[in-house]
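Rule-based calculations on the coordinates, nothing more; no lab input. Every value quoted in this text rests on a predicted model; they were computed, and no experiment measured them. Cβ sites come from the backbone with ideal geometry, for glycine too, and all protein chains shown count toward neighbours.
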Amino acid sequence: MIERLADYPDVNIVECDDVMSVLPRLVCSGNILLVTSKGFVKRGTVSRLLESLGTDRVMVFDEVTPNPEKSHLQRASGDFAGKGIQQVIALGGGSVIDAAKVFCGLLSYPNYSLDELLSTDVVENRINLIAIPTTSGTGAEVTPFATVWQSDIGKKYSLYGVRPNIAVLDSSLTNSLPEKQTLYPSLDALSHAIESLWNINSTEQSREYALYAIDLICDNLPLVLNNPSDFLARKNLQIASSAAGMAISITKTAIAHAISYPLTMQFNVPHGLACSFTINSIINIFGAEQLNLDSELASKVQGLLRSLNLPNEIESYVSWDILLSELTTPLDPSRAGKFIINFEKLNVQEILLVAKA
Ligand SMILES: [Zn+2]
């Protein structure tokens, strides 16, 4: 099944059942930076990885937090500068892979600050990057962008141009994920696929990736939610996540993501929930045809989303009253502007009100 992703030109996709068995042949002979989060240290994954690669040449950064902060990454990068790092390995979810992309950018341009890199149109990565995703959602293992945040002023930034050279897909790393960490990333992947269809940059190739991802998610997400030990379904969700990542690598995301960022910034709503709870509402308001969606596909997606009762999920982070009255941040035009319908004519309040209903 992974063959459907094999023609993706930019990232070497390696599918396996045990990352430790393939990693030694993928790493370089020089110094390596391993970027991960504390959980993988606690679970022993990091020590297994160090055992297989040799501890003397691997530096570990395990302080990645969700929605990584710009100032934190800039400070941390000082520890690796001048250490002759030739390769970065990212083991974790989207935030870990995004942080690793930022470090690759900073290591590629040792005389640049992160602010300078973020204001560069496209960064040319000179450090080999291996991404090992441990959630199935962001597609960061195949995309050329990373998101970093500055929460004190409520801003998010994108770094462009750092794409992993290798993505190792070992779905056994996702087998023990709890329900929300399975559901929200899958919703993110679904949103990526849909957003790349109702997108001004949509191409034949991006549509192919997106439709493949949507089919896999609609068929396999309910199976995993019913039976978390359905490992074949988990494998399919991981493939879907990469396929959706390939789709947005071509198109970028659109209106549902533009609406999501203020929600994450102001109310801490997890990204996958924040970028998916408006999808049904957007389809209801504009209709499948205007959105470049096949009507059968639209109703399949809507059926899945309805069954998940996302308006209720939102309530566990922010009450609808507060959300509707206090969501004030304007839409990011770099995302909203990719929507197939002119976003300046959109009424976000209406989209939210229909989503709530
Ligand atoms: Zn997303």
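Relative protection proxy for 268-276, 116-124, 36-44, from highest mean packing down: 268-276, 36-44, 116-124 (other beta-carbon atoms within 10 angstrom). The angle between the Cα long axis of helix 179-197 and the main principal axis of the chain comes to about 70°, on a 0 to 90 degree scale.
Using packing as a proxy for protection, rank 308-314, 337-343 so that the peptide with the highest average count of other Cβ atoms within 10 Å comes first. Intermediate results must be reported in sequence, preceding the final value.
On the way: 308-314: 16.1, 337-343: 18.0.
Answer by packing, highest mean first, reads 337-343, 308-314.
For the chain, modelled as a GNM with alpha-carbon contacts under 10 angstrom, which of SER202, SER316, SER186 fluctuates the most? Greatest mean-square fluctuation among the candidates belongs to SER316.
Take the residue pairs LYS101/LYS156; LYS38/LYS83; LYS252/LYS356 and return only those whose Cα atoms are more than 20 Å apart.
Working: LYS101/LYS156 16 Å; LYS38/LYS83 23 Å; LYS252/LYS356 26 Å.
Check vs 20 Å cut-off fails for LYS38/LYS83; LYS252/LYS356.
Only DSSP H runs of four or more residues enter the estimate; each adds -39500 (n - 2.57), and after division by the residues of the chain the mean residue ellipticity at 222 nm equals -15000 deg cm²/dmol.
Nearest-5 percent of antiparallel DSSP beta bridges in the chain?
Numbers: 8 of 30 bridges.
Close to 25 percent.
Taken about its Cα centre, the stretch 2-172 carries a charge dipole of roughly 320 debye when the Cβ of each Lys and Arg holds +1 and the Cβ of each Asp and Glu holds -1. Quick one: grab the alpha carbon gyration tensor of the stretch 179-279, order the square roots of its eigenvalues as a ≥ b ≥ c, and give me rounded if a/c is under 1.5, else prolate or oblate depending on whether a/b is larger than b/c. Oblate. About the centre of its Cα atoms, the chain shows a dipole size close to 520 debye [charges on the beta carbon of Lys, Arg (+1) and Asp, Glu (-1) only; nearest 20 debye]. The aspartates and glutamates whose alpha-carbon is closer than 13 Å to the alpha-carbon of LYS180, local same-chain residues fewer than 8 away aside, are ASP188, GLU313.
Mind sorting ARG126, ARG207, ARG234 by how few other Cβ atoms lie within 10 Å of their own Cβ, fewest first?
Values: ARG126 12, ARG207 18, ARG234 23.
Neighbour counts put them in this order, fewest first: ARG126, ARG207, ARG234.
Within the same chain, aspartates and glutamates fewer than 8 places from LYS338 are excluded, and of the rest, those with a Cα less than 14 Å from its Cα are GLU195. Separation of the stretch 4-18 from the stretch 19-34 is 17 Å, based on Cα centroids. Of interest is the spacing of the C-alpha centroids, which for the stretch 53-98 and the stretch 289-324 amounts to 35 Å.
A simple spin-label model places the labels of GLU63 and LEU353 4.7 nm from each other, with each point 7 Å out along Cα-to-Cβ. Given R0 = 45 Å, the distance between the Cβ atoms of GLU51 and GLU315 translates into a calculated FRET efficiency of 0.50. Once a ≥ b ≥ c are taken as the square roots of the eigenvalues of the Cα gyration tensor of the stretch 176-356, is the result rounded (a/c under 1.5), prolate (a/b larger than b/c) or oblate (a/b not larger than b/c)? It is oblate, given that a/c is not under 1.5 and a/b is not larger than b/c. For the chain, the longest principal axis of the C-alpha atoms and the axis of helix 94-108 are separated by about 50°. Comparing Cα centroids, the stretch 131-185 and the stretch 231-280 end up 10 angstrom apart. Here the residues ASP56, ASP17, ASP219, ranked from fewest to most Cβ neighbours within 10 Å of their Cβ, fall in the order ASP56, ASP17, ASP219. Counting only residues at least eight positions apart within a chain, or on another chain, the lysines with an alpha carbon under 18 Å from that of LYS155 are LYS70.
Taking label positions 7 Å along the Cα-Cβ direction at both TYR112 and ASN342, the computed distance is 3.5 nm, reported to one decimal.
If a/c stays under 1.5 just call it rounded; otherwise compare a/b with b/c (prolate if a/b is bigger, oblate if not). Do that for the chain, with a ≥ b ≥ c from the square roots of the Cα gyration tensor eigenvalues. Please report the intermediate quantities before stating the final value.
Values: a/c = 1.72, a/b = 1.41, b/c = 1.22.
In terms of gyration-tensor shape, prolate.
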